[in-house]
Structure formats: structure tokens, C-alpha cells
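This report refers to the structure that appears directly beneath it.
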Amino acid sequence: MLTVVPGPSDREPAEGAGGSSSLIDEIVREGARRMLAEALQAEVDAYIARFVDERDERGRRLVVRNGSHQPREVLTSAGAIEVTAPRVNDKRVDPETGERRRFSSAILPPWCRKTPKVSEVLPVLYLHGLSTGDFVPALGQFLGSSAGLSGPVITKLTEQWKHEQQAFAARDLREVDFVYLWADGIHVNIRLEEHKLCLLVMIGVRADGRKELIALADGYRESTESWADLLRDCKRRGMRAPVLAVGDGALGFWGALAEVFPQAKAQRCWFHKIANVLGTLPKSAHPGAKKHLTEIWNAEDKAHALHAVTELEAAYGVKYPKAVAKIRDDLDELLAFYDYPAEHWQHLRTTNPIESTFATVRHRTKVTKGPGSRAAGLAMAFKLIESAQARWRAVNAPHLVALVRAGATFINGKIVERPEGRAA
């Protein structure tokens, strides 16, 4: 019998019994076991009651109880629980197939050895840095069992992730409209190969303001042809041209974008541009340069931004012409965001959605010294992004995204009801 107040023999754990479960764990597991047993019994009773009127030619019921299955251990978030599921004898025959009908529990399917929550946490822990060899010692004692925690289980999961990534890469894009697009190339070490894996990543904003992974592919050094292949594939699967694409100025992406989606506008990433400018300056000049650059990208409107560019040129143009040229040469693309809603500016100035998401990928590859193959690296990155995607928030003022797609005119972040050149 389960007791809540321990007896004298229960107050002090026996010497050497440090690995035994605490009383509170036993209470939780026993409660979970009883609740599961009652739920399974109620499910069987409801199934039998549904067909109580169905009888054979001798008047015997066709659906009846038939004892219990062999006990089995199920791993749950409350720990390992022994379950004895009731069994049903269903003598009905499917008139179409001629086969016997069978009862299958929706609560505890015959193949189930772990609850979905435990199954979900294993790949999450692996993706975030736990080695396959650490699952048994790390989780075995916590869950009360080491069943289903071995390295081969995770290995099977990685094979499943590869198939999921391949299905994602072939999905139909005709029903989704991406208005904004971020593009970047992420380099990941491959443990068993000499060359790094170059992940070509595209994340988009749907017409309803939600962010979503568009594509993830293995490219070759962010080359124009690699990006063009990816964009052409997306177009073939039904993707429309984005209104605005955001990316690093060094990408081969821009040449590919001009070829595949020439109507799309370009916005250079300020995060990368600032790093490029500072790379041409001595460290002593960084504080002042950062202040000037902030005055440009954080200006209240385009006129103030252009004035800040003039001040930057006056301060650094003579001594450091290369630094100023990096701003002047890409000025139109750096200030393109002013032609879109002010509420969206903070999203459009950088490729931060990709950079922040791939911080997890870099952490995982640092722990494991990189994936073992390019396919494994691609699958792992896909699952990490898929996991992170559930936490992505929509862009500010999501209702304005549809107006951008519709061709509404924005000047300095504000919508213009009747732009010049249009009939009143």
C-alpha cells in the first residue's frame, strides 16, 4: 500500500541506497501509473459499450474484454511506469477487406515505449549539445530507467531528420507568399571532411507577418551559381518574387537574385557593413566611426541619414577613403529600408533573424567538433531551425506587410495615400 508519511524504517535511507528513488518520486510515479490504468480501462469500456448491441447468430456479443496484455515499462516525464493494458477481443469482420477488426488504444499504442514528451526532449538535448554517450548517465537516473536512451536511438533520429529535410526541400511553395526575405551563408565544420559545409539559408516574412524558413541548402562558398540554383528551385516550386531581400553585400546572392527575381529590391545588412567599415580603420578610430555609422542607420528619415553620411565623409574621407567608399558605393541599398513601413525598419536593417538562429547551430557544432557528414550537418541545422521557428515572433505591425505586397508607397516609413503621378 502506498503511504505518504514514511514509517520509522523509511525516514533514514539504508546505507548504500543513495541511488534509490525518493518518496516523492515514488508518489508521483504511482499516481501516474494509477491514472494511466484508469484511463486505459475507461477507453476499453467505452469501446465495448459502443458495440454492445452487435452480436453473432447465437446472440453472443462480438466485442468483449479478453484479459490483459503482458506488463511493459513506459518511459514518461514522471519516470518509468509499469503498465498492464486491458485487452479486447473484437470478432467483427470488415465487409470490404474481410479482415478482423482490431482495437488499438489511442492513449497507449502497442509500439509505444516512450511518451511523446520524452521522445521530443531527446533530439532537443542532442541538438543543443548533449553527446549521444551521455544520455544514459544523464537521464537514466532522472527518469528511473535507461530504456530508449541509447546512442543508436539518436542515430536513428538523425536518419529520420535527413528524410524530413529532404521532404522540406521539395515542398510546394505556391500557397505561401514571402514579402520580405533574409539571406545568408553559414559555414559549419565537418568532422570527417576537409572542407567546411556552407549552408545557404533563406528566411522569409509571410503576408500575415509571420517569419518562416524558406530554404536551407548545401552551397559552394556562397557562389552566385549556388544561390541561383537555390532560387531557381524555389521559383520552380511556386515561390513568388519577394518585395525586398536583405543580405550581406559580399554574397553571390545578389547576382543570383538579379537573374531569378529581378523585380526584387535589395537591402544591405548594416551588421555586416559596420564590421566591413571598421575592418579598414585602426582600433583607435572605432569609437568615433561607430558613432557616425549609428547616426546613419538610426536616422529618423532618409534626409538625416544622407546628412550623416556627409559628416562621415568629412571626418574620415581624407585619411580613410576605403572606409567611406564602403558606405558610398552601397548607399542606395543601405538606405532602402526607408521606403518601407517604419515599424519594419528594425527587422529590415540586418540579417539578425538568421544570425541569432544559427547561434545554436554554432554551439552544437562546437561541442561535437562538427557533424560527421554534410548530409548530417544539413539535417541537424534544419531541425535546429525548425525548433527555433516555433518561438519566432511576427514582425511589428504585421498588417502592413500585406500593404507592402500590394504595392503601397511608403516615404520615410509613412504610407502615402496618393503618391505623385497617380490619378486622384
Starting from 0.36 nm per residue, how many nanometres of slack lie between Ala170 and Asp301 once their C-alpha separation is accounted for? 43.0 nm
Work out, step by step, the length gained on full extension between Asp94 and Ala250: first 0.36 nm times the residue separation, then minus their alpha carbon distance; give nm to one decimal. 49.7 nm
Let me know the shape class of segment 174-311, please: from the alpha-carbon gyration tensor, a ≥ b ≥ c as square roots of the eigenvalues, rounded when a/c is under 1.5, otherwise prolate if a/b is greater than b/c, or oblate. oblate
Mind ranking Tyr320, Tyr180 by accessible surface for me, highest first, 1.4 Å probe? Tyr320, Tyr180
Environment charge of Lys265, counting only residues whose C-beta is closer than 12 Å and scoring Lys/Arg +1, Asp/Glu -1: -2
If you count, for each residue, the other Cβ atoms within 10 Å and average over each peptide, how do 386-397, 338-349 line up from highest to lowest? 338-349, 386-397
Gain in length, Lys156 to Thr280, computed as 0.36 nm per residue apart minus the alpha-carbon separation, to one decimal in nm? 39.8 nm
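The values are calculated or read from the model by the stated rules, or taken from the named source; none is laboratory data. Computed from a predicted model, the values in this text were never measured in an experiment. Neighbour counts are summed over all protein chains in view; Cβ atoms, including those assigned to glycine, are modelled from backbone coordinates with ideal geometry. Heavy atoms of the whole protein, side chains included, go into the accessibility calculation; ligands, DNA and RNA do not. Shrake-Rupley method; radii C 1.70, N 1.55, O 1.52, S 1.80 Å.
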